[in-house]
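S.K.: Following this message is one structure expressed as structure tokens.
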Amino acid sequence: MDNRLKECRIIEIPRFADHRGILSVVEGPPQLPFEPKRFYYIYDHASGARRGCHAHRTEKELIMALAGSFQVLVNDGDSTREFQLNRPDQGLYVPPLVWHEVHSFAVGSVCAVLASQRYNSDDYFRAYEEFLEAVRRSR
């Protein structure tokens, strides 16, 4: 297993609860291994939808289930791991050069992502074969 796949891990997000409800806060380092530059979220998923299906050259991400649940497949070109996200106080850290696919959304799920960069289409590997070639070159 490549070290990149070992870097994929669940990060606990602090929760502060009182009679009004629960507040969770995500900040940059040291809580995250990057400084967030972009936030986006995905909802109203079509049945059977798979999202992501790409890797990044340099971008790092934290994927969170703000509501509902879904699966995240991560792949380093050699091995694959699967994570279930179903708690708003946890996020999955995905480093660069890790292919990831989000799938098996429960009805009403909201998938949120914090990213280390603003959107840059040149940072994406959208074809799996192109990703594999980049992984081979990086070794």
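S.K.: Looking only at region 11-40, count how many residues are surrounded by 13 or more Cβ atoms within 10 Å (Cβ to Cβ) and aliphatic (A, V, I, L, M).
M.R.: Residues meeting the conditions: 4.
S.K.: Continuing with the same structure: Can you confirm whether residue 4 is among the basic types (Lys, Arg), in a strand (DSSP E or B) and within 26 Å of residue 139 (Cα to Cα)?
M.R.: So residue 4 fails the test.
S.K.: Only one of these conditions is not met by residue 93: (1) farther than 17 Å from residue 6 by Cα; (2) surrounded by 13 or more Cβ atoms within 10 Å (Cβ to Cβ); (3) of a type in the set (Ser, Thr, Tyr). Which number is it?
M.R.: Tallying (1) farther than 17 Å from residue 6 by Cα; (2) surrounded by 13 or more Cβ atoms within 10 Å (Cβ to Cβ); (3) of a type in the set (Ser, Thr, Tyr), residue 93 fails exactly one: (1).
S.K.: Do we have any residue at all in region 65-74 that's part of a loop (DSSP other than H, G, I, E, B), in contact with an Asp or Glu (Cβ under 7 Å, 6 or more places away or on another chain) and surrounded by 14 or more Cβ atoms within 10 Å (Cβ to Cβ)?
M.R.: Checking region 65-74: not a single residue is part of a loop (DSSP other than H, G, I, E, B), in contact with an Asp or Glu (Cβ under 7 Å, 6 or more places away or on another chain) and surrounded by 14 or more Cβ atoms within 10 Å (Cβ to Cβ).
S.K.: In addition: Check region 104-116 and report whether any residue there is in a strand (DSSP E or B), among the small types (Gly, Ala, Ser) and either within 23 Å of residue 16 (Cβ to Cβ) or in contact with an Asp or Glu (Cβ under 6 Å, 6 or more places away or on another chain) (or both).
M.R.: yes
S.K.: Moving on to the next point. Working carefully through the options 62, 66, 73, find the one that is modelled with pLDDT of 95 or more, within 17 Å of residue 117 (Cβ to Cβ) and touching a Phe, Trp or Tyr at 6+ places or on another chain (Cβ under 9 Å).
M.R.: None of the others qualify; the one that does is 62.
S.K.: May I pose another question? Can you tell me which residue within region 89-108, out of those that are of a type outside the set (D, E, K, R) and touching a Ser or Thr at 6+ places or on another chain (Cβ under 6 Å), is farthest from residue 55 (Cα to Cα)?
M.R.: 106
S.K.: In region 37-59, which residue that is at pLDDT 95 or above and of a type in the set (Ser, Thr, Tyr) is farthest from residue 107 (Cα to Cα)?
M.R.: 58
S.K.: Restricting to region 68-97, name every residue that is at positive phi and among the hydrophobic types (A, V, I, L, M, F, W, C).
M.R.: 97
S.K.: For region 100-129, which residues satisfy the criterion of being within 15 Å of the chain's Cα centre (by Cα), farther than 25 Å from residue 28 by Cβ and without any contact (Cβ under 8 Å) to a residue 60 or more places away in the chain?
M.R.: Across region 100-129, the qualifying residues are 101, 103, 104.
The values are calculated or read from the model by the stated rules, or taken from the named source; none is laboratory data. Just so we're clear, the structure is a prediction, and the values are computed from it rather than from any experiment. Please note: Cβ atoms are built from the backbone with ideal geometry, for glycine as well, and neighbour counts cover all protein chains shown.
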